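Enquirer: Next up is a structure, given as structure tokens.
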Amino acid sequence: MTFSFDNSYARDLPGSYLRLEPAVAPAPQLRALNLFLAKDLGLDLDVLREGAAGWFSGAVVPDGADPIALAYAGHQFGGFSPQLGDGRAHLLGEVLDRSGARRDIQLKGSGRTPFSRGGDGKAALGPMLREYLISESMAALGIPTTRALAVVTTGEHILRDQGLLPAAVLARVAASHIRVGTFQFFAARGETDKLRALMDYTIARHYPQAAQAETPALALFDAVAARQARLIAQWMGVGFIHGVMNTDNMALSGETIDYGPCAFMEGYDPATVFSSIDRQGRYAYGNQPLILGWNLARLAEALLPFFDADPDRAVDLANARLEAIAPAYQAAWVEVMRAKLGLAGAQAEDATLAEDFLKAIQGVDWTTAFRRLAGAVTVDAGVVGDAAALRAWLPRWRARLRPDAKTALLAANPAVIPRNHLVEAALAAATAGDMAPFEALLAAVRDPFGDTTGREGFSLPAPQGFGDYVTFCGT
Ligand code: AMP
Ligand code: MG
């Protein structure tokens, strides 16, 4: 038996999902299979290779799976949608990985569900490979994320803005698929019993220590807020822009989830936006910490009935917590910056030191600017940015360096991120039937901190002619 499913969500949370089979793919073909992840999951690799195309396209439901579409709501670009849910996804079930952690295996692009609204329930190959590539990059960068286990084309073609495209299913592995929007769904419907069951389930699965707290709901909120603050600080550290930080795309587990129009910033500018649908810049790079607080406020609202039986007191408790988010985020960000700057210990001026560096690298390629610091530990060599500002800044920085700064800097600042021009080229080739550029880029982003000799092309920013980059939602 390849999978030992144990489907606790389906078992413990009746009424929170719909049970239904994925669409049957007419001609499934395996395009990508993540053997590293499969090994972590304790799967038999030979059996997996045999069965992958069938299982991960939805054509064959593996033994023990109990496919369900999860209900959730969410604020999308600030407006509330009371019913979103898995409109093109099926949770196959949960497995325990080799460390004993419970992980969901979900199909995305696996056909219509009652939550599909106007959508066709399908996904195009390009966006599914994009999620695969970028989530693998995030994992290699040490950032909590859902993972991609496989991408299978179904043999169908679907109509999108770009024309007819090959359809594909992504098999995604996640600590869970519980979103802020999952809580909002039951809160909006006034289904307090189901909301409580969801809260208890989330605590047991992700934050078991919160069950012992005097008020478990508050302990849950605090734990989620801490993980999310750290997560967004890590995104900011690598220049990651999620692109659709809607409340349905924020996971209670603290993993990055739902890679749509996401991309990595090149030239440093807090106003950077890539998504074609984000016209107001709500989810711009520099806004992500504010949206962290906004989304957590929506979670607090949903949990209010469990904060305190007295509604006024519940609101006071929530407000005190919401006020603590900005300082918690700032502390997490400074921690990330200390690592990126290779500082020894912690000092009060570290935030200013980091901010002054950012002032000196406005418009400069974010990844390169930090990576080059490793060469400037003892001499003013190779740094990029405003020359005068850096001349003043470098001595201040050197005075704060840890003894093993060079090694630490190389381990904290990636040389290789998924460069937008390379991602586009790889996805275009894959859509045309050539997987080689995707595989080469995937191998490169899996080794972000290694030496780039012989693979310099993966570390360079987009050539001048690439122009302004625009991403589209993966629908
Ligand atoms: P996303 O933008 O992928 O986070 O999706 C937002 C919502 O739209 C979720 O409820 C999805 O299930 C739904 N959705 C996105 N694309 C499709 C599609 N092609 N068919 C049906 N539902 C979709
Ligand atoms: Mg989503």
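The values are calculated or read from the model by the stated rules, or taken from the named source; none is laboratory data. Because the structure is predicted, anything quoted here is derived from the model rather than measured. Every residue, glycine among them, receives a Cβ derived from its backbone with ideal geometry; neighbour counts consider all protein chains shown.
Enquirer: Is it true that A326 is in contact with a Gly (Cβ under 7 Å, 6 or more places away or on another chain) and either surrounded by fewer than 19 Cβ atoms within 10 Å (Cβ to Cβ) or part of a helix (DSSP H, G or I) (or both)?
Expert: Yes, satisfied.
Enquirer: Quick check on this structure: which one of R103, R117, R130 is in a loop (DSSP other than H, G, I, E, B) and among the charged types (D, E, K, R)?
Expert: Of R103, R117, R130, the one residue that is in a loop (DSSP other than H, G, I, E, B) and among the charged types (D, E, K, R) is R117.
Enquirer: Name every residue in the stretch 112-129 that is more than 15 Å from H157 (Cβ to Cβ) and either at pLDDT below 95 or away from ligand 2 (no atom under 14 Å from the Cβ) (or both), in order of residue number.
Expert: Answer for the stretch 112-129, where residues must be more than 15 Å from H157 (Cβ to Cβ) and either at pLDDT below 95 or away from ligand 2 (no atom under 14 Å from the Cβ) (or both): R112, P114, R117, G118, L129.
Enquirer: Would you mind telling me which numbered condition in (1) out of contact with any Pro (no Cβ under 9 Å at 6 or more places or on another chain); (2) touching a residue at least 60 places away in the same chain (Cβ under 8 Å) P289 fails?
Expert: So P289 meets the others, but not (2).
Enquirer: Would you confirm whether or not the stretch 141-151 contains a residue that is more than 12 Å from ligand 1 (Cβ to nearest atom) and either acidic (D, E) or in a helix (DSSP H, G or I) (or both)?
Expert: No, the conditions are met nowhere in the stretch 141-151.
Enquirer: Just to confirm my filter: which strands (runs of 3 or more DSSP E) fall fully inside the stretch 19-88 and include at least 1 residues that are within 16 Å of ligand 2 (Cβ to nearest atom)?
Expert: 68-70, 74-76, 79-81
Enquirer: For the stretch 273-286, which residues satisfy the criterion of being in contact (Cβ under 8 Å) with a residue 40 or more places away in the chain and assigned to a helix (DSSP H, G or I)?
Expert: Of everything in the stretch 273-286, just one residue is in contact (Cβ under 8 Å) with a residue 40 or more places away in the chain and assigned to a helix (DSSP H, G or I), namely Y285.
For (1) out of contact with any Phe, Trp or Tyr (no Cβ under 8 Å at 6 or more places or on another chain); (2) within 29 Å of Q29 (Cβ to Cβ); (3) of a type in the set (S, T, Y); (4) buried (at least 24 other Cβ atoms within 10 Å of the Cβ), each residue gets a yes or a no:
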position: R147; (1), (2), (3), (4): yes, yes, no, no
position: L159; (1), (2), (3), (4): yes, yes, no, no
position: A168; (1), (2), (3), (4): yes, yes, no, yes
position: R172; (1), (2), (3), (4): yes, yes, no, yes
position: F183; (1), (2), (3), (4): yes, no, no, yes
position: A187; (1), (2), (3), (4): yes, no, no, no
position: R196; (1), (2), (3), (4): no, no, no, no
position: Q209; (1), (2), (3), (4): yes, no, no, no
position: E214; (1), (2), (3), (4): yes, no, no, no
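Enquirer: Give the residue, chosen from A53, A71, A27, that is within 16 Å of ligand 1 (Cβ to nearest atom), in contact (Cβ under 8 Å) with a residue 60 or more places away in the chain and not aromatic (F, W, Y).
Expert: After ruling out the rest, the residue left standing is A71.
Enquirer: To continue, here is another question. Search the stretch 418-437 for residues being touching a strand residue (DSSP E or B) at 6+ places or on another chain (Cβ under 9 Å) and closer than 12 Å to I134 by Cβ, and hand back the single one that is surrounded by the fewest Cβ atoms within 10 Å (Cβ to Cβ).
Expert: N420
Enquirer: Moving on to the next point. Could we say that G243 is touching a Gly at 6+ places or on another chain (Cβ under 7 Å) and within 16 Å of ligand 2 (Cβ to nearest atom) here?
Expert: yes
Enquirer: Report yes if some residue within the stretch 422-440 is without any contact (Cβ under 8 Å) to a residue 24 or more places away in the chain, of a type in the set (V, I, T) and farther than 22 Å from G243 by Cα; otherwise report no.
Expert: No, the stretch 422-440 contains no residue that is without any contact (Cβ under 8 Å) to a residue 24 or more places away in the chain, of a type in the set (V, I, T) and farther than 22 Å from G243 by Cα.
Enquirer: While we're looking at this one, here's another question. I need the full set of residues from the stretch 234-253 which are of a type in the set (S, T, N, Q) and assigned to a loop (DSSP other than H, G, I, E, B), in order please.
Expert: Scanning the stretch 234-253 gives N246, S253.
For every residue, the table says whether it meets (1) farther than 30 Å from L442 by Cα; (2) at pLDDT 95 or above; (3) assigned to a helix (DSSP H, G or I); (4) touching a Gly at 6+ places or on another chain (Cβ under 7 Å).
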site: M138; (1), (2), (3), (4): no, yes, yes, no
site: H157; (1), (2), (3), (4): no, yes, no, no
site: M199; (1), (2), (3), (4): yes, yes, yes, no
site: T202; (1), (2), (3), (4): yes, yes, yes, no
site: D222; (1), (2), (3), (4): yes, yes, yes, no
site: A229; (1), (2), (3), (4): no, yes, yes, no
site: I232; (1), (2), (3), (4): no, yes, yes, no
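Enquirer: Against the condition exposed (fewer than 14 other Cβ atoms within 10 Å of the Cβ) and at negative phi, how does E349 come out, does it pass?
Expert: Yes; evaluated as a whole, the condition is true for this residue.
Enquirer: In the stretch 34-85, what residues are surrounded by fewer than 22 Cβ atoms within 10 Å (Cβ to Cβ) and aromatic (F, W, Y)?
Expert: F36, F77, F80
Enquirer: Please work out if T247 is within 16 Å of ligand 1 (Cβ to nearest atom) and within 27 Å of D97 (Cα to Cα).
Expert: Criteria not met by T247.
Enquirer: Quick test for you: out of L290, L304, L353, L317, pick the one residue that is under 23 Å from the mean Cα position of the chain (by Cα) and assigned to a helix (DSSP H, G or I).
Expert: Answer to the selection: L290.
Enquirer: Sticking with this one: Just to be sure I understand, how many residues within the stretch 254-272 are within 16 Å of ligand 1 (Cβ to nearest atom) and either assigned to a loop (DSSP other than H, G, I, E, B) or surrounded by fewer than 22 Cβ atoms within 10 Å (Cβ to Cβ) (or both)?
Expert: Counting residues in the stretch 254-272 that are within 16 Å of ligand 1 (Cβ to nearest atom) and either assigned to a loop (DSSP other than H, G, I, E, B) or surrounded by fewer than 22 Cβ atoms within 10 Å (Cβ to Cβ) (or both) gives 7.
Yes or no, residue by residue, for (1) away from ligand 2 (no atom under 16 Å from the Cβ); (2) hydroxyl-bearing (S, T, Y); (3) without any contact (Cβ under 8 Å) to a residue 60 or more places away in the chain:
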residue	(1), (2), (3)
S176	no, yes, no
L220	yes, no, no
T247	no, yes, no
P261	no, no, no
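Enquirer: How many residues does the stretch 440-472 hold that are surrounded by 15 or more Cβ atoms within 10 Å (Cβ to Cβ) and either of a type outside the set (A, V, I, L, M, F, W, C) or touching a strand residue (DSSP E or B) at 6+ places or on another chain (Cβ under 7 Å) (or both)?
Expert: Count: 9.
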